Amino acid sequence: MVEQQLPADFLNVCKTSYFPLARYLLTKKQALARPLIIGINGAQGTGKSTLAALLQCMLERGAHWRCANLSIDDLYLTRAQRNQLGLSVHPLLKTRGVPGTHDVQLGVSLINDLLHAQTSRAVALPRFDKARDDRKPVEEWSQQAVPVDIIILEGWCVGAVAQPASQLATPVNDLEATEDCEGQWRRYVNLQLAEHYQPLFDQFDFLIMLKAPSMEAVEEWRWLQEQKLIAKSHGTGQGLMTQAQVKRFIQHYERLTRYILEEMPGRADLVFHLNDNHHIEKATGSLTTGMRL
């Protein structure tokens, strides 16, 4: 809790929501002869990384099962690759985040390696340095011991589906209106999500969503997240943002975030509905019956 800078009442959230989820996942894993694959979706600042880390801790310590914890952020293309996309497709693709700025095939290969890995070697997991806005060198990647029992992939667009093309015509914010006035960027992003991301997301046994109450809350929480990064770097990290920069940065994510908030709750296996204070107001989805929430 100290490492994640969590409030004191977070323990109650664990007892009422996250512990029952971990117990349910244990029962489901016992019925499988392969690793259980879990996707966790949540907008910036919702706590998806915290939930993933907590599930890993509970499952490893409580059941002595080995977990691989992956973030879609660690699949970002390198800064050089994104700069090239910015030149060849659209300047907005220089900014990390949206579908089209991840190495999805790397993600598919990683999960395949984890599913079929032998005990004779470890699997290297990529890591992205947000302060440098670049992927870490291979020698700094994490080494995941294998075989694993649980695979967790978390991220803001994890499990997302493409918007209907008819919804792309009207800009959703100033960034789209002024820097993507012809819609080339958002059409490219939507196409990438439709054609390349689904093979990765289709591997999930369960999709869990942390649903933010509004886009305004997402912006506020993302700024809080940036302040934590600034504190960790003691103000020296390159690539860290001011509040005004965070506001612009969030606009890259706004279109798909709004669509996810509208569309995903109806099909996710479990949705934790958050209020403005980050508290879980309710849980919905098919898993709530098995979890007895």
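Brief remarks on what is shown
- Helix axis angle, 48-63 relative to the chain longest principal axis, alpha carbon, degrees: 20 degrees
- The Kirkwood hydrodynamic radius of the range 100-147, based on inverse pair distances between different Cα atoms, is 11.8 Å.
- In a simple Cβ point-charge model (Lys, Arg +1; Asp, Glu -1; nothing else charged), the chain has a dipole of about 620 debye relative to its Cα centre.
- Counting only alpha carbon atoms, the long axis of helix 104-116 and the longest principal axis of the chain meet at about 10°.
- Here P(r) over Cα pairs in 5 Å bins from 0, in percent was computed from the coordinates, and among (i) 1, 5, 10, 13, 15, 14, 10, 8, 6, 4, 4, 4, 3, 3, 1, 0, 0; (ii) 1, 5, 11, 16, 19, 18, 15, 9, 5, 1, 0; (iii) 1, 5, 11, 13, 14, 13, 12, 11, 9, 6, 3, 1, 1, 0, 0, 0, 0 the match is (ii).
- Cβ-based net charge around Pro171, under 11 Å, with every Lys or Arg adding one and every Asp or Glu removing one: -4
- Rounded to the nearest 500, the 222 nm mean residue ellipticity of the chain from helices alone is -12000 deg cm²/dmol, with -39,500 (n - 2.57) taken per DSSP H run of at least 4 residues.
- For Ala124, the residues 5 or more places off, or on other chains, whose built amide H falls under 5 Å of its own are Gln144.
- Out of every Cα-Cα pair that the range 53-192 contains, those further apart than 22 angstrom amount to 48 percent.
- The share of alpha-carbon pairs in the range 19-63 lying farther apart than 17 Å comes to 35%.
- In the range 220-293, the GluC sites (Glu not before Pro) that fall in loop regions by DSSP, at most 13 other Cβ within 10 Å: none
- Tilt relative to the chain, helix 79-88 - C-alpha long axis, 0 to 90 degrees, to 10: 40 degrees
- Equivalent-ellipsoid semi-axes for the range 112-232 (Cα gyration tensor, √(5λ), whole Å, largest first): 32, 21, 16.
Only the coordinates and a few stated rules stand behind these numbers; no lab work does. Just so we're clear, the structure is a prediction, and the values are computed from it rather than from any experiment. Because the Cβ atoms are built from the backbone with ideal geometry, glycine has one as well, and the counts that use them run over all protein chains shown.
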